[in-house]
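Since the structure comes first, as structure tokens, the remarks are kept for the end.
The values are calculated or read from the model by the stated rules, or taken from the named source; none is laboratory data. Computed from a predicted structure; not experimentally measured. Quick reminder, even Gly has a Cβ in these numbers, built from the backbone with ideal geometry, and neighbours come from all protein chains shown. Note: accessible area is taken over every heavy atom of the protein model, side chains too, but ligands, DNA and RNA are not part of it. Shrake-Rupley method; radii C 1.70, N 1.55, O 1.52, S 1.80 Å.
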Amino acid sequence: MGKSKMRTNKKTILLLSLMPIFLLSNCVSVQQPSEFAGRSEPDEEKQQNSSTAKRFQQSATQKPTVVESAMQLSQQHAKLSEETAVLRQQNRDFNERNKQFKDQVVALEAQLKQAQKELSEANEILIAMRIELNNWKTDIIGFRDEMRGAEKAQLEALLKILKVLGGEDKMESARNNKDTSSSSVASLRKSIRP
């Protein structure tokens, strides 16, 4: 490894020492003899001027100049920065709306839980009321015979009162006709009720 480093160092030193010689040889201009100087300089200058003019014309037509490129880039940068600002504002707006929607969702979830709780309580109350109503119906239907017996006792008591007051004839005829007994009881009920 030591030998290879030395070889590369020697090559590098040699190249560095030869570089100024090459550069100087390119910078030295060759002087032309005086007899050709008068004739060739204008032609040569014209050719150089035309070649440089063509070079600048070609570069102008083919590629934009550095200034024009910089202006285009600055315009594009300005346009993109405006678009970025608009997109950032839209992003902020969307984030705000998203936050509002989240707040609404939280509030609506609370309302939904409350409504579900109230609905379950109302269902329980409704079921309890229906059970009570069914019990009441069975009690009323169960006491129907007792109620009929109580009404029959009331009618018999009313008949006795009517007998005492002098209503014997009508009552005995009502008893004789068993078919019409129910209608006479109904008529008695109507006459008793005001």
Would you kindly find the accessible area of LEU119, with a 1.4 Å probe and non-protein molecules such as ligands, DNA and RNA excluded, rounding to the nearest 10 Å²? 100 Å²
So, for segment 112-159, what is the accessible surface per residue at a probe of 1.4 Å, expressed in square angstrom? 90 Å²
Distance in nm between PHE101 and GLN154 label points, each 7 Å along Cα→Cβ, equals 7.0 nm
